[in-house]
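The values are calculated or read from the model by the stated rules, or taken from the named source; none is laboratory data. Note that the structure is predicted; figures quoted are calculated from it, not measured. Ideal geometry is used to build each Cβ from the backbone, glycine not excepted, and the neighbour counts take in all protein chains shown. SASA here: full protein model, heavy atoms, side chains in, ligands and nucleic acids out. Shrake-Rupley method; radii C 1.70, N 1.55, O 1.52, S 1.80 Å.
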Amino acid sequence: MAFWLLRRVGQIIPTLLILSFMIFGLQQLMPGDPAMILAGEERGDPVVLQQIREELRLDRPIWEQYLFWVGNVLQGDFGWSWRIRMPVSELILQKLPVTAQLATMAFIIGVVIGVPMGILSATRRDTPADWAANGIALFGISTPNFWLGIMMILLFSVQLGWLPPSGYVPLWEDPVQSLATTIMPAFVLGTGVASVLMRHTRAAMLTALSQDYVRTARAKGLAEKVVVWKHALRNALIPVVTLGTIEFGRLLAGAVLTEQIFTIPGFGKLVVDAVFNRDYPVVQGVVLATALIFVVLSLVADLLYMAINPRLRAA
């Protein structure tokens, strides 16, 4: 087990190195000149433009810029934001807890709704319960997040006055108000996750329930609850865990539209503003941090596989 962990951690390093090269290379393909944007009203002055390019090392060859950036990243320095004039690492540390709170709440909502609905749909196949679960899942997948968010604001904020329509309060400052400002965007994001998890849980459960070991368990006289929850579900959770880690990583990467609608200052808003302002260090830092999150979640998924099915440890 320890050797396997070391090998998996060792695979992370070249993966991140390749990703850093791709992130930096694709960044250079973005149209526009950052120096022109940063110069503002003095963009017509060639002296000012040259000074900005020298300060930001934009006049150096691309390979030299890349090596300089990677060398700093390895030391924990993601550079400085060209627009906000503060370290990118501080920006990430400011925005990541906001998105992490929103993503965790949305993921919990998705799991609590989606997985039980998928189990119910599979065990009640071709019944009204199955049709209702599939209808709800189809609605959740088809409904745009921005429309659902606006409708929830109109209902719960404008009409009923139960929840604030926008804004964000940190959890450590006021837990009640923080939950009040994030419950609607979390539900908007969670419905999409729940729909996807429901469909995959249903498909995995139908496959598991048709296997020989399930028929054998039933032939032995085991209760249906034991057959479903102990035998079928344990094997059906493998693909669901894979999908769940991907969905959680997607939530952590930032839900741009939802954060914009509810004015949540998270990862999504940060990267969108950085792209529009050609703030390369921020874009590179956020994308690299997101890639690291996905790589770590992949490792977590592998560990969960072994916890769910011990037979995978031998493989």
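Values as computed for the structure displayed
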{"read-out": "Any hit, the stretch 219-226, residues being part of a helix (DSSP H, G or I), closer than 20 Å to A301 by Cα, among the basic types (K, R) and at pLDDT below 85", "value": "no"}
{"read-out": "A180 touching a helix residue (DSSP H, G or I) at 6+ places or on another chain (Cβ under 6 Å) and assigned to a helix (DSSP H, G or I)", "value": "no"}
{"read-out": "Matching option when the condition is modelled with pLDDT of 80 or more, open to solvent by 20 Å² or more (accessible area, probe 1.4 Å) and on the phi < 0 side of the Ramachandran plot, among V283, V241", "value": "V241"}
{"read-out": "Test: residue in the stretch 205-227 that is of a type in the set (D, E), closer than 23 Å to A106 by Cβ and either open to solvent by 60 Å² or more (accessible area, probe 1.4 Å) or under 16 Å from the mean Cα position of the chain (by Cα) (or both)", "value": "no"}
{"read-out": "Check on T201, within 17 Å of F262 (Cα to Cα) and surrounded by 16 or more Cβ atoms within 10 Å (Cβ to Cβ)", "value": "no"}
{"read-out": "Pairs, first touching a residue at least 12 places away in the same chain (Cβ under 8 Å) in the stretch 211-239, second open to solvent by less than 60 Å² (accessible area, probe 1.4 Å) and not in a helix (DSSP H, G or I), C-beta under 9 Å, six or more apart", "value": "R234/N309; N235/N309; L237/N309; I238/N309"}
{"read-out": "Only listed residue being in contact (Cβ under 8 Å) with a residue 40 or more places away in the chain, open to solvent by less than 50 Å² (accessible area, probe 1.4 Å) and not charged (D, E, K, R), chosen from L171, L102, L138, L163", "value": "L102"}
{"read-out": "The one condition in (1) open to solvent by 20 Å² or more (accessible area, probe 1.4 Å); (2) farther than 23 Å from M198 by Cα that S298 fails to fulfil", "value": "(2)"}
{"read-out": "Selection status of P97, open to solvent by less than 60 Å² (accessible area, probe 1.4 Å), under 30 Å from A307 (Cβ atoms) and either modelled with pLDDT of 80 or more or more than 25 Å from the chain's Cα centre (by Cα) (or both)", "value": "yes"}
